[in-house]
1. Out of all the residues in region 221-280, which are in a loop (DSSP other than H, G, I, E, B) and within 16 Å of ligand 3 (Cβ to nearest atom)?
2. Inside region 327-364, can you point out the residues that are crowded, with 20+ Cβ neighbours inside 10 Å and more than 16 Å from ligand 3 (Cβ to nearest atom)?
3. So for region 422-439 (the condition being out of contact with any helix residue (DSSP H, G or I) (no Cβ under 6 Å at 6 or more places or on another chain), open to solvent by less than 20 Å² (accessible area, probe 1.4 Å) and under 30 Å from residue 103 (Cα atoms)), does at least one residue qualify?
4. Every residue in region 25-51 that is touching a strand residue (DSSP E or B) at 6+ places or on another chain (Cβ under 6 Å), outside any strand (DSSP E or B) and over 20 Å from residue 68 (Cα atoms), please.
5. Any idea how many residues of region 520-562 are open to solvent by 30 Å² or more (accessible area, probe 1.4 Å) and in a loop (DSSP other than H, G, I, E, B)?
6. Across region 345-354, what is the number of residues that are out of contact with any Phe, Trp or Tyr (no Cβ under 7 Å at 6 or more places or on another chain), touching a residue at least 24 places away in the same chain (Cβ under 8 Å) and farther than 12 Å from residue 378 by Cα?
7. For region 256-277, give me the residue count where each residue is of a type in the set (Asp, Glu), out of contact with any strand residue (DSSP E or B) (no Cβ under 8 Å at 6 or more places or on another chain) and under 9 Å from residue 306 (Cβ atoms).
8. Assuming residue 388 fulfils every condition listed in (1) farther than 25 Å from residue 528 by Cα; (2) within 16 Å of ligand 2 (Cβ to nearest atom); (3) of a type outside the set (A, V, I, L, M, F, W, C) apart from one, which condition is it?
Amino acid sequence: MKSPARLLILDDDPLTGQTISNIAVLAGVDALYTDDPREFFRLCKDWAPDFIALDLIMPHMDGVQVMVELARLGCQADIIISSGVGGRVLDAAARSAAEHGLKISGVLPKPFSPARLRELLNRQSPRTTSLIRNVTSSAQSADIIPAHELADAISLEHIKVVYQPKINCRTGLLAGFEVLARWYHPSRGTIAPDDFIPLAEKSGLINALTESVMLQSLRWFASLPDAIGPEPGFDYLKRRLNDVTMSVNISAISLSHLDLFERIESHCRNMNILPERIIFELTETCAMEDPVSSLDILTRLRMKGFHLSIDDFGTGYSSMLQLARLPFSEIKIDKSFVMTASESKESCTVIKTINDLGHGLGLYTSAEGIESLETLEYLRSIGCDLAQGYAIARPMSGPAVIEWLINRNNNDEIRRLDVLHSLNILDTPKDERFDRITRLAARLFQVPIALFSLVDTNRQWFKSSVGLDVPETPRGVSFCHHAILDDQILVIPDAIKNELFFDNLLVTGAPFIRFYAGCPVHADTGIRLGTLCLIDSQPRNFSSHEQLLLKHAAQMIENELIADYVAHSDPLTGMLNRRGFDARAAESIDLCHDAGMHACLFLFDLLEFKAFNETWGRAAGDRALIEFGRVLKETFRGSDLIARYGDDDFVVLMTGIDPHASESALTRLDDFIAHSAPEHPVTHVSGWALLQRKDNIQQLILRASQNMLMSRSPRGN
Ligand code: C2E
Ligand code: CA
Ligand code: CA
């Protein structure tokens, strides 16, 4: 059976202490209370509490001092601050505690609420917390471990490395790893870097240590893609691993040793790793120690291609001016702010300010110490670029990272399929709403095949297709399977020249794909469901402008996926209604103008429809409307946007036309009407307007109706 958690309380007021203790015991937690700091520290050691409730303000010893001492002793309990002091003071205390490596689980304001205390005690399973932090701690070790032991450890490679993943905040994709040193001491156990790095710096061993760390991690980094198995689901992951970065910590002292960096550079060359993929992390204070010579060496490193990151930003005292002068590429927001973001408005302000500062200086921004998904979401909301922390992954050994990567890859796919299946869109009939867009895409890009493809477990299924007659193909051969692995558009200018696709069945056999461009289509959750893709049997280039247009068209599909179709359609004719038209027209016009094509709007008003209704009855009037809608659909093209705009008003938005096409479309309509349905009053009047980008639809309708008045007598027949 799991033993109950333990709470140790230090408070100078016995009544307060007893109250907290009583609440805890009722919540099933063992509690001990003392008002004597000495007794408190003894219990910390001997009784090993999981939680500590600490009063910040006491007569003989203040809470901050207690925290410093706790940090020195390597305390691993979750600390609950019980105090009446204001938010700002509590924040500062929490930050300084976090900086000392203590874990603050929250604040218990006076008067005490039992619910709040229970919440704090439940926040984390205490036993696991203690287990995870089984690294011997505190500054003591640096003093007691002799330097020769460290020298031996370095030469014997007892100093190992662990890797902590870093992800892109926006996409959640892996961006890189930070390398962190660990000393696995044969008799002293695992020693944390905060304990042996200062020793290495003091005893002149830091460069040797850095080089050993660098060598181990470069070796691992170079072997990374091959460490992922050959399974087909992983080829994308393997490809991505060739692009991710590796961050390594560099001590200030090393900055004056150019030879170290020359050796690092040659290791990179020997292992075929581009310097562009390596980021050196330097603390703000370290780069500032001697800004002039720092500028010199840092500039050289940048010129070699290495990237530089300012670590622990917000804790040093650098001048903004110096900072702006140094050639950094990334700014890393210190974890003391990030770890307290969910509880502290002030921390959020600091984070946002540093993020804005970084972006203002043209740097990537990175946040470390993310311990909750809530904080990750906050960072995403302010546009922070990169994220690192326990909520994403802990630092792990090389093999553990591989396992993590594979699991993550599989989980992502499971979640993606869940969302796709929950949309109930697979194996449904063809739908005019999507067909219009694939037809538009085929016309716009002048390709024979345009598809809206959904990537299912083992197949890609086409919700809409132009120029291809099969409903689905196996996922294994699909290009779209590759396109949805990233948020970028996948462009294959010539498939037979592409090592991934040259022997693909869809390339060597029908439809003989040579050119492919696929843009991911997302659900509203951001998950990639499939693509809008273009296919040609001729090779072709696809400019960045065309990519932009394709993205735009894919967004139109995304909008259709979330549109409220009932509210947007006319129940009588099944066509789009006014709302449906308005929601779609502006984006079609924009797309048309971006593509350098004309758009034209027609307005049709049935002649004397009121009188017709009165003479022949409503049912006949309804039939006339349905009939006219059908005529419009047959006369205009599948890529045009057609809607019943009002009672007897219809609109057609023609996109991608030459200026004369409007006239010929009207002639076609006249012909059609002359030869069909003589029993209905589908003779029409019409007006039209050539559209400008950003035209207001209502004004356009007005302009078209003015045209209509002018053309009414000659055209009405
Ligand atoms: P750092 O560069 O700021 O590294 C980040 C530290 O934050 C790591 O501690 C990491 O384990 C920890 N961390 C990451 N995410 C979280 C989180 O969500 N919550 C919390 N509470 N902590 C998180 P670690 O590995 O103990 O390293 C401590 C420091 O030691 C590093 O701080 C770095 O300054 C130094 N260090 C580590 N390896 C090396 C090295 O190879 N060379 C040098 N010069 N310094 C190193
Ligand atoms: Ca670092
Ligand atoms: Ca840091």
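1. Restricting attention to region 221-280, the residues satisfying the condition of being in a loop (DSSP other than H, G, I, E, B) are 228-231, 242-244, 250-251, 257, 271-274.
Residues satisfying the conditions are 250, 251.
2. Within region 327-364, just 344 meets the criteria.
3. no
4. Once the filter is applied, which keeps residues that are touching a strand residue (DSSP E or B) at 6+ places or on another chain (Cβ under 6 Å), outside any strand (DSSP E or B) and over 20 Å from residue 68 (Cα atoms), region 25-51 yields 25, 29.
5. Initial filter on region 520-562 (open to solvent by 30 Å² or more (accessible area, probe 1.4 Å)): 522, 524-526, 528, 537-541, 543-548, 551-552, 555, 558-559, 561-562.
Applying the additional criterion that residues be in a loop (DSSP other than H, G, I, E, B) yields 524-526, 537-541, 543.
Adding up the residues that qualify gives 9.
6. Pass one, region 345-354, residues out of contact with any Phe, Trp or Tyr (no Cβ under 7 Å at 6 or more places or on another chain): 345-346, 349, 352-353.
Within this subset, residues satisfying the condition of being touching a residue at least 24 places away in the same chain (Cβ under 8 Å) are 345-346, 352.
Subset that is farther than 12 Å from residue 378 by Cα: 346.
Looking only at that region, the number is 1.
7. Residues of region 256-277 that are of a type in the set (Asp, Glu), as a first pass: 259, 262, 265, 276.
Now drop any that are not out of contact with any strand residue (DSSP E or B) (no Cβ under 8 Å at 6 or more places or on another chain), which leaves 259, 262, 265.
Imposing the further condition that a residue be under 9 Å from residue 306 (Cβ atoms) reduces the set to 265.
Here the count works out to 1.
8. (1)
The values are calculated or read from the model by the stated rules, or taken from the named source; none is laboratory data. Remember, it's a predicted structure, so these values are computed and weren't measured experimentally. Cβ atoms come from the backbone with ideal geometry, glycine included; neighbour counts cover every protein chain shown. Each accessible area value is taken on the protein alone, full model and side chains, heavy atoms only, with ligands, DNA and RNA left out. Shrake-Rupley method; radii C 1.70, N 1.55, O 1.52, S 1.80 Å.
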